[in-house]
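Written below as structure tokens is the structure these notes are about.
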Amino acid sequence: MNMRDDGFPSKANPFERSAAHGELRLAGLATPVATISGEVMANNIRAMAEWCSARGIALSPHGKTTMAPQIWRQQLAAGAWAITVATPAQLRIARQAGIPRVIVANELIDPVALRWVYEQLTEDPDWRVICWVDSVAGVEAMSAQHDGTAPPIDVCVEFGSTDARGGVRSRAEAHDVAEAVAATPALRLVGVSGYEGVLVHGADPDELAEVDRYLRDLVDTHVSLFDFYETSEVLLSAGGSAYFDRVQAVLESQVGDRNGHTTRVVLRSGVYVVHDDGMYKDIAPQGRGIGPHLVAAMHVWGRVLSRPQPDLALLDVGRRDISFDVGMPIPQRVHRDGVWRPDDALAGASIFDLNDQHAYLRIAPDSPIAVGDVVRLGVSHPCTTFDKWSIIPVVDDPEIPNPRITDFIETWF
């Protein structure tokens, strides 16, 4: 433990404290504090793995969601095919963590990073890295760092959409990139990739239809590149945590043998590991009545610092502690001295603003909430809660006011 580990007692490692003073419970940590339900997370990991396996789809979870090798190993043990990251720094963490197969869902252009990857592939030919490329210029940049002897980096042509991040914008561009890859010993073309999650942000019929149109174009691009693929098994990859059911429905027809190649469909969802109480609860497949059963596993607990007016309470949770980029935190339950307040204590309550270290909780004027009470908050888009905590306690049951801490998860952002 170090000075950055918010929430922990100033004295000693939590494990040592637990051994010296009996089991450690949440009340032994200062607020604010983020927690993960270990059992719920394990169930989510298992449910997603089983859902993919039953459909013949490989799962390569977005490790950037958690940046927690402890969680990555749980996902791999449940059957994940690889771990996905997004940056050279994240790739280094995956390498240090011993992850044998890593997808970099991004263009890898940085010269320092490229030289390091080629060195690692030379030292360990069994380590596999797969990244995206979407331009001839990108191919040239990657090739420029190859020393002529290192194994090639496996690449997928990324297929994009107008104003939607990286990726070629046409099948003709995809062919140009594939030809450039075929002409260099520095790279090996192994598939086509895309990401549908930036196209829309809801789940009404028109938005889902747009996702499907994009995925069909992705499939058509994949099929058009069979003559360029340099491996017997090729990858067709898409999928975040919002529309993975549509990815399955459109892409699974490509699973199997075709034109002398076997296509592996790779889904890259990440948030499913802890799900959420906001964005993904509303638009992920489960919210549409399909898909694996997922439950929110992450919460942030904050204390009432002030009740300066009848309809306002200020919590010690702010932008430094909890997600706010896609929806405000959700007040769920409140307790005082280990006893839940009545359910109606938060009736109609909402967080309407955050400062760096404060949350503005609108409450009913007659709410019994008082200074010192502890509020459990649900999270929307947990990716940006993970990156605010270097250590996250794992609890046995977030439905009790003072759960037992069973483990600690370290993040590496």
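The values are calculated or read from the model by the stated rules, or taken from the named source; none is laboratory data. Note that the structure is predicted; figures quoted are calculated from it, not measured. FYI the Cβ positions are ideal-geometry reconstructions off the backbone, even for glycines, and counts take in every protein chain you see. Protein only, heavy atoms only, side chains kept; ligands, DNA and RNA dropped before computing areas. Shrake-Rupley method; radii C 1.70, N 1.55, O 1.52, S 1.80 Å.
I'd like the full set of residues that are modelled with pLDDT under 95 and either part of a helix (DSSP H, G or I) or touching an Asp or Glu at 6+ places or on another chain (Cβ under 8 Å) (or both), limited to the stretch 7-52.
PRO14, PHE15, GLU16, ARG17, SER18, ALA19, ALA20, HIS21
Consider ILE130 against the criteria (1) within 16 Å of TYR229 (Cα to Cα); (2) at pLDDT below 95: it satisfies all of them except one. Which criterion is unmet?
It is condition (2) that ILE130 fails.
Look at the stretch 380-413 and say how many of its residues are under 13 Å from the mean Cα position of the chain (by Cα) and open to solvent by less than 20 Å² (accessible area, probe 1.4 Å).
5
Just to verify a result, which residue in the stretch 337-349, among those that are open to solvent by 60 Å² or more (accessible area, probe 1.4 Å) and not in a loop (DSSP other than H, G, I, E, B), is farthest from TRP301 (Cα to Cα)?
Out of the qualifying residues, it is ASP344.
From the residues in the stretch 256-274 that are open to solvent by 20 Å² or more (accessible area, probe 1.4 Å) and in contact with a strand residue (DSSP E or B) (Cβ under 6 Å, 6 or more places away or on another chain), which one is modelled with the lowest pLDDT?
By that ranking, first place goes to HIS261.
In the stretch 53-89, which residue that is in a helix (DSSP H, G or I) and touching a residue at least 60 places away in the same chain (Cβ under 8 Å) is nearest to SER241 (Cα to Cα)?
So, considering only residues that are in a helix (DSSP H, G or I) and touching a residue at least 60 places away in the same chain (Cβ under 8 Å), the one nearest to SER241 (Cα to Cα) is THR65.
In the stretch 275-295, which residues are aliphatic (A, V, I, L, M) and either more than 17 Å from CYS52 (Cα to Cα) or open to solvent by 50 Å² or more (accessible area, probe 1.4 Å) (or both)?
Residues satisfying the conditions are MET279, ILE283, ILE290, VAL295.
Could you check the stretch 350-380 and list, in sequence order, the residues that are closer than 14 Å to HIS299 by Cβ and touching an Asp or Glu at 6+ places or on another chain (Cβ under 7 Å)?
GLY378, VAL379, SER380
Please specify each residue of the stretch 227-244 satisfying the condition of being assigned to a helix (DSSP H, G or I) and open to solvent by less than 10 Å² (accessible area, probe 1.4 Å).
PHE244
Looking only at the stretch 71-94, which residues are out of contact with any Ser or Thr (no Cβ under 9 Å at 6 or more places or on another chain) and either open to solvent by 60 Å² or more (accessible area, probe 1.4 Å) or hydroxyl-bearing (Ser, Thr, Tyr) (or both)?
ARG73, GLN74, ALA77, THR87, ALA89, ARG92 - these are the residues of the stretch 71-94 that are out of contact with any Ser or Thr (no Cβ under 9 Å at 6 or more places or on another chain) and either open to solvent by 60 Å² or more (accessible area, probe 1.4 Å) or hydroxyl-bearing (Ser, Thr, Tyr) (or both).
When you go through (1) free of Cβ contacts under 8 Å to residues at least 60 places away in the same chain; (2) open to solvent by 60 Å² or more (accessible area, probe 1.4 Å); (3) touching an Asp or Glu at 6+ places or on another chain (Cβ under 7 Å) one by one for ARG320, which number turns out not to apply?
Failed condition: (1).
Of everything in the stretch 360-373, what is farther than 22 Å from LYS281 by Cα, in a strand (DSSP E or B) and either among the basic types (Lys, Arg) or open to solvent by less than 10 Å² (accessible area, probe 1.4 Å) (or both)? Give them in sequence order.
ARG362
Does ARG404 count as within 29 Å of ILE71 (Cβ to Cβ), touching a Lys or Arg at 6+ places or on another chain (Cβ under 8 Å) and at pLDDT 95 or above?
yes
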